[in-house]
There are 2 protein chains.
Amino acid sequence: MKIAVDAMGGDYAPEQIVKGIELARDANPDISFQLFGKSDEIKKYLKNQGNIEIIDTDVVIDMGDEPVKAVRQKRKSSLVLAAQAVKDGKADAFYSAGSTGAILAAGLFVIGRIKGIDRPGLTTTLPVINKDGSIGQFLLIDVGANADTKVLNVYEYALMGRFYAQAIMGIKNPTIGLLNNGTEADKGDMKHREIHDLLLENKELNFIGNVESRELLNGAANVVVTDGFTGNAVLKSIEGTAGSMLNLIKSSIMSGGLKSKLGALMLKDVFKKIGKNLDYSQYGGAVFLGVKSPVIKSHGSSKAKTVKFAMDQIKQIVNSKMIPQVNDYLQSHEDEIQAIKDKVKSSK
Amino acid sequence: MKIAVDAMGGDYAPEQIVKGIELARDANPDISFQLFGKSDEIKKYLKNQGNIEIIDTDVVIDMGDEPVKAVRQKRKSSLVLAAQAVKDGKADAFYSAGSTGAILAAGLFVIGRIKGIDRPGLTTTLPVINKDGSIGQFLLIDVGANADTKVLNVYEYALMGRFYAQAIMGIKNPTIGLLNNGTEADKGDMKHREIHDLLLENKELNFIGNVESRELLNGAANVVVTDGFTGNAVLKSIEGTAGSMLNLIKSSIMSGGLKSKLGALMLKDVFKKIGKNLDYSQYGGAVFLGVKSPVIKSHGSSKAKTVKFAMDQIKQIVNSKMIPQVNDYLQSHEDEIQAIKDKVKSSK
């Protein structure tokens, strides 16, 4: 297996990217890596070049660049070259911690969509906090690849989310829920009612109906599908609220006098465990489902550990063959899906 | 001041509603209350009838009733009669902890909209957790009155949110932010870009641009406007995440052995303070901004304390004269707003 890595994407690139790749390489002798970027900078941080190939380029896509334009014009950028390596069959997956928009554009225009998928969706794994304190996980898709999502897109997210949950979470028949403003079947606007009914009709999907965002971390469903605008808002609300609560606990302890500081000291292990459970980086990166090969991005603020987790995740995706499975499913259900497309169009 | 109360709405009605009204009455000798509902049940819980009038009715709107139909057909229900009292000028505000849809329908069809407002928005106060641990608040509007929101609706939420923040939070020139999937001016779908530009044009509004849901609890803006679908999802994400984190902390402490239990005991005051700061009930209920008179609903699970806080909030709204102010603003800006309406329509 070979993974093409944009070594220049992210706030701490290339140092933390290079270090993360070395961690992944040391743990996975069966994977080789291609690092795209400024060769002299990469070499500064690289301790051991085993199984790592460096492809030198000076061009970098910045966070300020207009994504589509940048991907079209900066053909020699580390980001585009890494995507191109996948397109050319020289690598199995493409990773970057750079601009989300540019990674999506490279996925779409360089690597290309799976035949039958109209728009890729960005999916991410989030924690489920069970009543007994044990931690599970669920998938949220789309968390922001598309701001303008159509009925059919969300339907496709459900199809792909199912295969991804099987591959990554090892769940045979994952439950699928539609994020809505109530659990009843008639909730939401026209669009959501239409998506709800389409999902209900597909008997191969384990669709459990509408779910509310209040219940997401309680494990409302294994896979939660939504439009990219709402998914983005919900993801950031969860992250923001968790962060704010940790800050509130910290500052309350600090201002609570000696007793509370002692108490906090005694709870150190508990807080450490909580912090670890809520550490998003361990779930790897976000995946653009719907692109022909695995395209994974992690937060711009990613450090070595996160990069390493993302490589583990890529390995799982490639080994599980989930993308060929999605492909097969779409091809063997071509007529069915075409009928749905015609139906959705005629209802406009 | 007179407040019309649906004594039968909510999971703990009429007991907790009656108890809450007594708390409010004892604290506010200048307010009188009308309790609509089953007289014998109400009297069972009422200790002292001072300043409280009971209007007997057997009819109740249930959570399962279709809201608009129920409001049209159950004219003698406690909910509709309470709204009718406001319509007839016999009360200054309408309160219920019953079905959100039915309260909205009663607000729209019984009391009526403010002239110039197309659709009321449901607004709620949420905590801001400052870096130093101090707690502030911000307004989120719409949190679910409308699933299908138009550009103009969100613009109107900003106008009304401004007067509400002045009245309730005492902020002279509240900052207003548009919830979006990024802070840049060109973020979001066409609809959000259009709302952004309309808000930017109105120089009387202290519009600070797009805000992301990750920053809401950090105090991104005093008033955050959004469509009802996203607002509902974000509100429930915040509530759900806060609840899940508290559960995680509790269960981690309980499974953490003697040391962590001792530590928790020493942090009891800190946890109590945190719980109190995050207690939504102290912020009162959600307000349907855009109805001619104050219409306030609180959670179905509301207990006496929440009902009391909601009465405090109603008193503030009525005394501040914010609704007449919104009215005056809309009338004195009639031409301007008509021009915006024409512009929005022509851009479709």
- Query: How long is segment A:122-282 along each principal axis, judged by its Cα atoms, biggest number first, in Å?
  - Reply: 60, 31, 27
- Query: Carbon and sulfur atoms: what percent of the 1.4 Å accessible area of the protein assembly as shown do they account for?
  - Reply: 50 percent
- Percent of Cα pairs exceeding the 14 Å cut-off, where the set is segment A:187-245: 63 percent
- Taking a label point 7 Å from Cα toward Cβ, how far is B:Gly50 from its twins in the other copies, in nm, shortest first? 8.5
- Rounded to the nearest Å, what's the spacing between the alpha carbon centres of segment A:6-65 and segment B:181-233? Just the number, please. 37 Å
- Simple spin-label estimate for A:Gln73/B:Gln73, 7 Å along Cα→Cβ, in nm, reads 6.3 nm
- Note on the structure: In segment B:116-138, the residues losing 20 Å² or more of accessible area (1.4 Å probe, heavy atoms of protein chains only) relative to their chain alone are B:Ile129, B:Lys131, B:Gly133
- Query: Given H placed 1.01 Å from N in the peptide plane, which residues other than close sequence neighbours of A:Ile54 have an amide H under 5 Å from its amide H?
  - Reply: A:Leu35
- Note on the structure: With only helices counted (DSSP H, runs n ≥ 4, each -39500 (n - 2.57)), the per-residue ellipticity at 222 nm for chain B, to the nearest 500, works out to -14000 deg cm²/dmol
- Considering only A:Gly256, A:Gly170, A:Gly188, give the residue with the highest GNM mean-square fluctuation for chain A, with springs between Cα atoms whenever their separation is below 10 Å. A:Gly256
- Task: Starting from the Cα of B:Lys341, draw a straight line to each of the aspartates and glutamates and keep only those under 15 Å, dropping any in the same chain fewer than 8 residues away.
- Result: B:Asp118, B:Glu156, B:Glu194, B:Asp197, B:Glu201
- Which distances, in nm and shortest first, link the A:Lys250 label point to the same label point in every other copy, taking 7 Å along Cα→Cβ? 2.5
- Query: Taking only C-alpha pairs under 8 Å that are 6+ residues apart, what is the relative contact order of chain B in percent?
  - Reply: 22 percent
- For segment B:282-344, what value does the Rg/Rh ratio take when both radii are computed over Cα atoms and Rh is the Kirkwood radius, given to two decimals? 1.15
- Query: If r is the Cβ-Cβ distance from B:Asp40 to A:Gln316 and R0 is 56 Å, what FRET efficiency results, to the nearest 0.05?
  - Reply: 0.30
- Assuming R0 = 56 Å, what is the FRET efficiency of B:Glu15 and B:Lys343, from their Cβ-Cβ distance, to the nearest 0.05? 0.60
- Quick calc, B:Lys259 & A:Met190: beta-carbon distance into FRET formula, R0 60 Å, rounding 0.05, result 0.60
- Rg (one decimal) and Dmax (whole number) from the Cα set of chain A, in Å, equal 21.1, 70
- For chain B, modelled as a Gaussian network with Cα springs under 10 Å, which listed residue fluctuates most, B:Ile171, B:Ile55, B:Ile253? B:Ile253
- Partners for B:Lys259 among aspartates and glutamates (Cα-Cα distance below 15 Å; same-chain residues under 8 apart left out): A:Asp269
- Note on the structure: Percent relative contact order for segment A:122-282, counting Cα pairs under 8 Å at least six residues apart, stands at 29 percent
- How many Å³ per residue does the convex hull of the Cα positions in segment B:174-213 occupy? 52 Å³
- Task: Express in nm, to one decimal, how much length is gained between A:Asn48 and A:Asp335 on full extension, taking 0.36 nm for each residue of separation and deducting their alpha carbon distance.
- Result: 98.1 nm
- Whole-angstrom gap from segment B:125-144 to segment A:127-176, using each part's C-alpha centre: 30 Å
- Message: Over segment B:77-160, what portion of Cα pair distances is larger than 15 Å, expressed as a whole percent?
- Response: 65 percent
- Message: Using a 1.4 Å probe and counting only protein heavy atoms, how much accessible surface gets buried when B and A come together, both sides summed, in Å² to the nearest 100?
- Response: 4800 Å²
- Task: Of the listed pairs B:Lys297/B:Lys321; B:Lys74/B:Lys303; B:Lys2/B:Lys47; A:Lys250/B:Lys203; A:Lys47/A:Lys76; B:Lys38/B:Lys297, which have alpha-carbon separations greater than 28 Å here?
- Result: A:Lys250/B:Lys203
- The Kirkwood hydrodynamic radius of segment A:207-327, taken as the inverse of the mean 1/r over all distinct Cα pairs, in Å, comes to 17.4 Å
- Average accessible area per residue (Å²) across the protein assembly as shown - probe 1.4 Å, nucleic acids and ligands excluded: 41 Å²
- Message: For a quick size check, give me the Cα extents of the protein assembly as shown along its three principal axes, largest first, whole Å.
- Response: 85, 65, 51
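The values are calculated or read from the model by the stated rules, or taken from the named source; none is laboratory data. What you are looking at is a predicted structure, and each value in this text was computed from that prediction instead of being measured. So basically every Cβ, Gly included, is an ideal-geometry build from the backbone, and we count neighbours across all protein chains shown. Areas reflect the complete protein model, heavy atoms only, side chains present, ligands, DNA and RNA absent. Shrake-Rupley method; radii C 1.70, N 1.55, O 1.52, S 1.80 Å.
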